[in-house]
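Student: Let me give you the structure first, and then I'll get to my questions.
The values are calculated or read from the model by the stated rules, or taken from the named source; none is laboratory data. Since the structure is predicted, the reported quantities are computational estimates derived from the model, not experimental observations. With ideal geometry, Cβ positions are generated from the backbone for all residues, glycine too; neighbour counts draw on all protein chains shown.
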Amino acid sequence: MDDPRYSDEKLMLRAEAFRALTHHLTDHCRAVYEFCSDWVETHDNIDNIEQNFQNYLRSVVERSYAKSS
């Protein structure tokens, strides 16, 4: 496969990111999957992934709140 999103390195990084955020699956399952997919497109490690995920959740909530107002 020639798609760089599915290279061995990106698949390993996606798995590593997912494992790092597994504890959020109960409350934010979809967000974890979406965030991990987005993360591997712009990063090559999981440094600061937890803080960035928290920021991502805040932005999702803010956008949802803005749409409902």
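Student: For Arg5, all conditions in the list (1) loosely packed, with under 13 Cβ neighbours inside 10 Å; (2) in a helix (DSSP H, G or I); (3) at pLDDT 95 or above hold save one; what is the number of the exception?
Tutor: For Arg5, the failing item is (3).
Student: What pairs can you find where one residue is in the stretch 24-48 and in a helix (DSSP H, G or I), the other is among the acidic types (Asp, Glu), and their Cβ atoms are less than 6 Å apart, with a gap of 6+ or different chains?
Tutor: Close Cβ pairs (under 6 Å, with a partner that is among the acidic types (Asp, Glu)) do not exist here.
Student: Mind checking whether some residue in the stretch 27-49 is small (Gly, Ala, Ser) and surrounded by 12 or more Cβ atoms within 10 Å (Cβ to Cβ)?
Tutor: yes
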